[in-house]
Structures are given as structure tokens and as C-alpha cells.
Amino acid sequence: MVTKESFRAAVAHFATGVTIITTIDDEGVPHAMTANSFTSVCLEPPVVLVCVAHGTHTHGYLERAGRYGVNILRQEQEELGVYFAKRPEDRVGDVDYSYGTSDGGAPSLDNAMVFFDCKVVGSHVYGDHTIFLGEVEEIRQNDASTPLMFYRSRWYNPATE
């Protein structure tokens, strides 16, 4: 039988980029979480997906808002990745970041490498997560840089290996 621990250890061998998923909370305030469960789905229409655990604040906010942003982080934004990986009540310290807003209303992190504004067009509940399919309605790209990566349960920069 595959255990949660053995599965987690095995999938940790897949290097991923790091994103911050943004949405609006029930008071209209930007809310964010770190995620590496993000992928493109199709080109026409342009659709991406994110997987969000049911026990997170993000899950309920995203479900109600029907819109989310995907902010692909650059190498220099590791501090943001760490900060937003924590539950909101555990986020302490002075992390420097600011938001803009997309035309559709999704919060966009300033200086992210790439930002996608997505309207939820479908969802699928499986296990302890919901897969949210989002049609991309806006893309913003900043200057090219090195992406922040995650590999074997740690931040990863192949140039330093």
C-alpha cells in the first residue's frame, strides 16, 4: 500500500516552479497562498488548473470569488514563497510585497515573473483537494529572469548545484 509519506517523498523528485495563487477574501481583500500544483490544460481556449486543499482559507475564497490569479515567482522571490506557504494566522515578519489588480479583479503580485488572471470555468473535487480550471483572460509578463523552483521538498537553484 502506498502511504501518504511515501507518495510525498516520491513526487518530491519532480522539480516544479513556484506560484502564488491569489484571490479575494469575503471582505474584498487580497488573499494568497503558495502552490506548485499548477499546470496548463489547453491552448484553445487558454486554460490552466490549480489544486487547492479543502482545509485552506484559499479554497473557500476561490470557490466564492470564481476568479483567481496565478503569479509565477522569480528566483529572488523565495521569501514570498515561504511566507505564503504558511497559514494566514502563522504569517509573521515583515515581508515586502504589493498587489495590483487585473482587469477582471484578481489580485496580481507586483514583480511576479508572469501573472495569469483566470475565471473559474470548472472544478472537480477529488480526495482532499479541488481542481479549479481557469480560463485565462489576461496575461502579464515582466522582464525575463530565473524562475523560483522547488525540488525534493526544498527551494532549488540548479545554478548553485
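Observations
- Answer from K86, K4 - the residue that is more than 18 Å from N142 (Cβ to Cβ) and more than 16 Å from the chain's Cα centre (by Cα): K4
- Residue list for segment 119-161, restricted to those being assigned to a loop (DSSP other than H, G, I, E, B) and more than 16 Å from V50 (Cα to Cα): N142, D143, A144, S145, T146, L148, R152, S153, N157, E161
- Matching entry among D103, D117, D143 (being loosely packed, with under 15 Cβ neighbours inside 10 Å and either in contact with a strand residue (DSSP E or B) (Cβ under 8 Å, 6 or more places away or on another chain) or β-branched (V, I, T) (or both)): D103
- For first residues located in segment 74-100 and under 24 Å from T146 (Cβ atoms), partners that are part of a helix (DSSP H, G or I) and lie 6+ apart or on another chain with Cβ distances below 7 Å form the pairs V95/E79; V95/L80; V95/Y83; Y97/L80.
- Considering (1) touching a residue at least 40 places away in the same chain (Cβ under 8 Å); (2) within 28 Å of D143 (Cα to Cα); (3) surrounded by 15 or more Cβ atoms within 10 Å (Cβ to Cβ), the lone condition that F38 does not fulfil carries the number (1).
- Meets criteria (in contact with a Leu (Cβ under 7 Å, 6 or more places away or on another chain) and not aromatic (F, W, Y)) for V114: no
- Restricting the first member to segment 5-28 and to residues that are without any contact (Cβ under 8 Å) to a residue 40 or more places away in the chain, and the second to residues that are surrounded by 10 or more Cβ atoms within 10 Å (Cβ to Cβ) and assigned to a helix (DSSP H, G or I), the beta-carbon pairs closer than 6 Å and six or more apart or on different chains are D25/Y61.
Throughout, read-outs are computed from the coordinates displayed, never taken from laboratory work. Computed from a predicted model, the values in this text were never measured in an experiment. Virtual Cβ from ideal backbone geometry, glycine too; neighbours counted across all protein chains shown.
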